[in-house]
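Following: one structure in C-alpha cells, then a few remarks.
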Amino acid sequence: MTGSALLGHPPNNEDDSLIVLGFYRAVKIPEAAWNKTSVIPVKTLPGAPHDTRQNEVIVSMAVAITLVVMITGTRLSLRLFMKDLHWGLDDWTIILAMLSVVAFFALALAAAVNGGAGDHVYDLTYAEFNTYLSLMWAGQILFYPTVALIKISIVLFNRRLTGLTSRKWMIFHNTLLCLLVLYAVITILINVFICIPLPTGLEILSIGRMSKPPRWINQKPLVPAFSAIHIAFDFILLLVPLMVLSRMKMAFAKKARLLFLFSIGVISTVGAVMRSVVQPTAKQIDITYKFPDYFRWSIVDCVFAITAASLPTLNYLIPKRWDESRGSNTNVVNPGVNGGGLAFEPKVTSGKHEIRELSFKSGNSLTDEESGSEKQSAVTKVGTQPDWNDFHPEIKIPN
C-alpha cells in the first residue's frame, strides 16, 4: 500500500478515501458529494509556514506527567511511612486520579508523536489526521471522569474529617459524591456513544468503513454544559475552605499562608474557565498547530488540581517550629479545588477511640457539645479513628 497523501490532496490509497468518507459523515456533508477522489478541504496558501511545535507539546507533556507523579508519590509516601498520618479512601481515589491524569497526558503526547499535534494541519497526511482525531476523541472521553476523580478524592478527605463536625457536613459531602459519580458516568456514556452504532475504533476511518452513516448525538450544547458543570463544582467546593477559614482564630501569618495555599486551588479553577473559553476558538483554524495553545489550560487544570488535592498532606513537610514561631493555633489546610475544602490532616494513634462531635460556634472556636447538668459529648464509635486530643498540640478537648 502506498503512503498516505497530504490533506487537501487526492487520496493515495483506499484508507485515505475512507478517511475522507468518515470525515464527511462526521461533519454531516452529504454523502452524495463523496467519491474516491474527494478530499478533506485543506488548502496550503502560498508562502505558508511549515514550522512545527511538536517539541513544545512533547516537553510540556513530559514535565506535566513528572510533576503529577512526583506530587502524588510524595503524598502517598507520607501517608504510608509517617506514623502520624492516616491512609484513607481518598488516597485510593487519588491513585486512580493520578493514573487517569497520566493517561490523559499520554494521549496528548501520542497525538504529538503520531498524530501531528503541533504541526500545521496542511502538513498532515490523512493517516496522521485520522490518528489525531482518534486520540482527541479518547481524550475527551477521559478528561471529565479524570477531574471528577480528583474532586471525589478531596470530598472524601473532607468527609472523613469535617464530616465529623456535624450531620449537615456529612450530608453535604455525600451529596457531592453522588453528583460527581453521576457526572463522571454521564460524560463517559455520552462521549463514548457520540455516534450509534459505535465504530469498531474511535476513528473516522472506522466510520468510513461502516456500511451506512451512523446517527450522531448533537454535542454542541453538551460540551459547554460539561465544562460549566465542571467549573460549578469547583466554585461549590471553594466555599468549603472559605466558610471554615472565616471561623478560625489564628495568627495573621498563619492565615496568610493558608490563603496562599488556597490560591493553588483557585489556579485550577482559572485553568478550567480558560479551557472552556479558549478551546472552541482555537479549534476553528489550523487545529493541530493551535493544539498547544488550548491544551495548556488542560495541563493547568489537572496539575494544579492534583496539587491542591495533595496539599493537606504535603503541608506536613513544613517544619513544626515554622508554625510555632508565628503563634499559630491551628493546623488546617485543604485549599483545593478541583474540588477544594479545608480540613485537618490528622495524627493517628493505634486502637479504638471515641470521637467527640465538634461544632462551630459563634465564638469562632471548636468546642465540645454539652447538654444539661451532665457534661456529655456526642460520641460516635466508628472503629479505628484519630485521637482528637493528638490532633494538634494547640487543639485540646476537655475531659
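The values are calculated or read from the model by the stated rules, or taken from the named source; none is laboratory data. From a predicted model like this one, the values you see are computed outputs, not experimental measurements. Cβ sites come from the backbone with ideal geometry, for glycine too, and all protein chains shown count toward neighbours.
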Would you call Gly3 in contact (Cβ under 8 Å) with a residue 60 or more places away in the chain, more than 30 Å from Val303 (Cα to Cα) and surrounded by fewer than 17 Cβ atoms within 10 Å (Cβ to Cβ)? yes
Are any of the residues in region 92-115 in a loop (DSSP other than H, G, I, E, B) and not small (Gly, Ala, Ser)? no
Considering only region 48-83, state which residues are charged (D, E, K, R), in contact with a helix residue (DSSP H, G or I) (Cβ under 8 Å, 6 or more places away or on another chain) and assigned to a loop (DSSP other than H, G, I, E, B). Arg53
Might you let me know whether region 218-230 holds any residue that is touching a Gly at 6+ places or on another chain (Cβ under 8 Å), of a type in the set (Lys, Arg) and under 19 Å from Leu133 (Cα atoms)? no
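Which residue is modelled with the lowest pLDDT, if the candidates are limited to region 193-238 and must be among the aliphatic types (A, V, I, L, M) and closer than 18 Å to Leu149 by Cα?
Of region 193-238, the ones among the aliphatic types (A, V, I, L, M) are 194, 196, 198, 202, 204-205, 207, 210, 217, 222-223, 225, 228-229, 231-232, 236-238.
Still in the list and also closer than 18 Å to Leu149 by Cα: 228-229, 231-232, 236-238.
Details: Ala228: 89, Ile229: 91, Ile231: 89, Ala232: 90, Ile236: 85, Leu237: 81, Leu238: 78.
Here the answer is Leu238.
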Taking region 167-217 only, how many residues are of a type outside the set (D, E, K, R), assigned to a helix (DSSP H, G or I), outside the structural domain of Leu89 (by TED's automatic domain parsing) and over 14 Å from Ala138 (Cβ atoms)? 3
Would you confirm whether any residue within region 103-120 is touching a strand residue (DSSP E or B) at 6+ places or on another chain (Cβ under 7 Å), surrounded by 19 or more Cβ atoms within 10 Å (Cβ to Cβ), more than 19 Å from Cys302 (Cα to Cα) and of a type in the set (Asp, Glu)? yes
Does region 133-156 include one or more residues that are more than 23 Å from Cys302 (Cα to Cα) and surrounded by 14 or more Cβ atoms within 10 Å (Cβ to Cβ)? no
Could you tell me which numbered condition Met250 fails, if it satisfies all but one of (1) modelled with pLDDT of 85 or more; (2) among the aliphatic types (A, V, I, L, M); (3) not in a helix (DSSP H, G or I)? (1)
Candidates Val42, Val63, filtered to the one that is modelled with pLDDT of 85 or more, in contact with a Phe, Trp or Tyr (Cβ under 8 Å, 6 or more places away or on another chain), β-branched (Val, Ile, Thr) and surrounded by fewer than 19 Cβ atoms within 10 Å (Cβ to Cβ): Val42
Leu205 passes all but one of (1) buried (at least 18 other Cβ atoms within 10 Å of the Cβ); (2) closer than 30 Å to Val303 by Cβ; which number fails? (2)
